[in-house]
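Notes for the one structure printed next.
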Amino acid sequence: MTESVYERVKKRAYEIWEDEGRPWGRDMLHWERAHQEIAAEGEDAAPPIRVASVETSDIVASNVAVKAKASAKRAPRKAV
């Protein structure tokens with residue numbers, strides 16, 4: 001049984017991820033690169049399959065906002 005394009009891209013993206021040292025937050029780049037490589041192999045490749053991903057900067061900004069809010073709640077109030 002032949003693998004679907006999705007399975008081939010998934011396996012190749014995983015290989016790319018491992019080859020690059022398993023970096024965090026680069027899943028979309030690996031997926032796109034894998035899809036391009038599979039598409040170049042033959043004409044049976046489907047259009048790129050999009051997967052949900054969150055940008056690293058979004059997560060960092062979210063964590064900063066949460067920490068700031070938490071520290072504001074813990075700050076002692078000054079007596080007037």
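Throughout, read-outs are computed from the coordinates displayed, never taken from laboratory work. Note that this is a predicted model, so its numbers are computed, not measured. Positions of Cβ are backbone-derived with ideal geometry, glycine not excepted, and every protein chain shown enters the neighbour counts.
Points worth noting:
- Each residue in segment 5-25 was checked for being of a type in the set (G, A, S), assigned to a loop (DSSP other than H, G, I, E, B) and surrounded by 11 or more Cβ atoms within 10 Å (Cβ to Cβ), and 1 pass.
- Inter-residue pairs, beta-carbon under 7 Å, first without any contact (Cβ under 8 Å) to a residue 60 or more places away in the chain and among the aromatic types (F, W, Y) and in segment 27-42, second surrounded by 16 or more Cβ atoms within 10 Å (Cβ to Cβ) and in a helix (DSSP H, G or I), 6+ apart: W31/V9; W31/A13
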